[in-house]
Amino acid sequence: MAINVQAAVFHGPGRPLTIETLQLDPPQSGEVMVRIVATGLCHTDLHIMEGHQPQAVPAVLGHESAGVIVAVGPDVTGLDIGDHVVPFMLPECAVCPNCLSGRTNICLKVKERTSPASSRLHWQGRPVHTFAGMGTFADHMVITADRVAKVSKAARFDGACYASCGGATGIGTVRHMGVDADSLVVVFGLGGIGLNMVQSARQLGAKTIIGIDTNDAKEAVARRMGATHFINPARQDSVPAAIMAITGMGATHSFECVGSPSVMRQAVDATNPFYGRCTLVGVAAAGAELSLPIQGLSMGKTVGGLLMGGLKPRSQLPGLVQEYAEGRLNFDALISHRLPLDLINEGFALMKRGEVLRAVILFDGTIRNSAGPQ
Ligand SMILES: [Zn+2]
Ligand SMILES: [Zn+2]
């Protein structure tokens, strides 16, 4: 039997989301149904709503969430009704060559999962699409069990939800790249990912952590998360020169979280030429290219990328959520707004104006409208 769910429906670029009652089919083989308690508003969603990324409509967007399993389909092991879970963008099938290799978090089932042939959601008899086979702007979702991490019941849902996108990407990337106490770290772009990189670098003991953002309002939160320096590029003739002045020979680890080729070039130029590692995390426009002087790489500097922090959802995300539950990672300070579903458009308007760190929708009815860390 299908159930009725409340969801924010996307009808096309430039149009507001509308709150509708949709029908959700029960989970099929290998799937579970999750009652979503918290879902985060991400720039990726805004990107789609502004028409920068194609999306079939009508659709339910959203990809960061945390909730409780309410139904389990056939052929699912290791997940039960009542489990607290965090659905994840990437699957971890645990049997494909990539999953078995231990060298990457990109499961070979990723395309199949993120572009499913059919949807479990319907509206007025028509199928409703979901972003990347997820669709978390709804109070329930059906998703394959290989994209679901079972997490600690001690973790708050809003923070656990944040762990699945900005948290995983920011913290996973910094750990993957081997930041330690001797590292000189530079983070370009202090959004959710960048601020999590800052807190991760501090957790690993780095004593020089330079945060860079064109918004001066980011300085206070960046310092609170562990940044030792803040640079606003608008007040610099040369950002790489400003970084060299602090680090001597350049960053041992630089991270670009903006997605701009010109900022990426600055990140590469600000990286130590002998053993620095520059990691490009920001999502660039389709077809964008980066131009680099080849000689600048010949002495040992490396430039690369990483998707979702290299984190595997089922085997590694639970640990991240556990650290949050124990207070070793701080996501609460990065969640600036908690909203009910019917204020989702207002949440995106705040994001567009640069007035949120992270806005989270809570479905449990405990929130009418709240701004500020709790
Ligand atoms: Zn996201
Ligand atoms: Zn796999």
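Any read-out appearing in this document is the output of simple, stated calculations on the displayed coordinates, not a laboratory observation. The model shown is predicted, which means the values in this text are computed figures rather than measured ones. In this analysis, Cβ positions are derived from the backbone assuming ideal geometry, glycine residues included, and neighbour counts consider all displayed protein chains.
Worth a mention:
- Selection from 72, 135, 88, by position along the positive dipole direction of the chain (Cβ): 88
- Springs between Cα atoms under 10 Å define the GNM used for the chain, and in it the highest mean-square fluctuation of 246, 344, 106 occurs at 246.
- Dipole magnitude (debye, nearest 20) for the chain, charges at Cβ of Lys, Arg, Asp, Glu: 380
- Normalised convex hull volume, segment 155-238, alpha-carbon set, Å³ per residue: 94
- Of 239, 262, 210, farthest towards positive along the dipole that unit charges on Lys, Arg, Asp, Glu beta carbons give segment 178-305: 210
- Peptides 193-202, 292-301, 206-215, 68-77 ranked from most to least packed by the mean count of surrounding Cβ atoms within 10 Å: 193-202, 206-215, 68-77, 292-301.
- Couplings 3J(HN,Hα) of segment 62-70, computed from phi: x, 9, 10, 7, 8, x, 10, 6, 10 Hz, in residue order, whole Hz [Karplus 6.51 cos²θ - 1.76 cosθ + 1.60, θ = phi - 60°; x for Gly and Pro].
- Whole-Å distance, taken between Cα centres, linking segment 29-53 and segment 241-262: 32
- Separation of alpha-carbon centers, segment 72-119 and segment 180-213, rounded to whole Å: 30
- Note on segment 243-358: Cα-Cα pairs beyond 24 Å make up 50% of the total pair count.
- Magnitude of the charge dipole, segment 1-154, Cβ model with Lys/Arg +1 and Asp/Glu -1, debye to 20: 180
- Antiparallel content of DSSP bridges confined to the chain, in %, to 5: 60
- Cα gyration tensor, segment 207-250 - rounded (a/c under 1.5), prolate or oblate: oblate
- Remark on the chain: ratio of C-alpha radius of gyration to 2.2 N^0.38 Å is 0.98.
- Springs between Cα atoms under 10 Å define the GNM used for the chain, and in it the highest mean-square fluctuation of 166, 51, 78 occurs at 78.
- Equivalent ellipsoid semi-axes, segment 178-305, via Cα gyration tensor eigenvalues times 5, rooted, Å: 20, 17, 14
- Beyond 23 Å in Cα-Cα separation lie the following of the pairs 207/352; 153/312; 109/312; 111/312; 150/312: 207/352.
- Highest-MSF residue in the chain out of 28, 266, 124 [GNM, Cα springs under 10 Å]: 124
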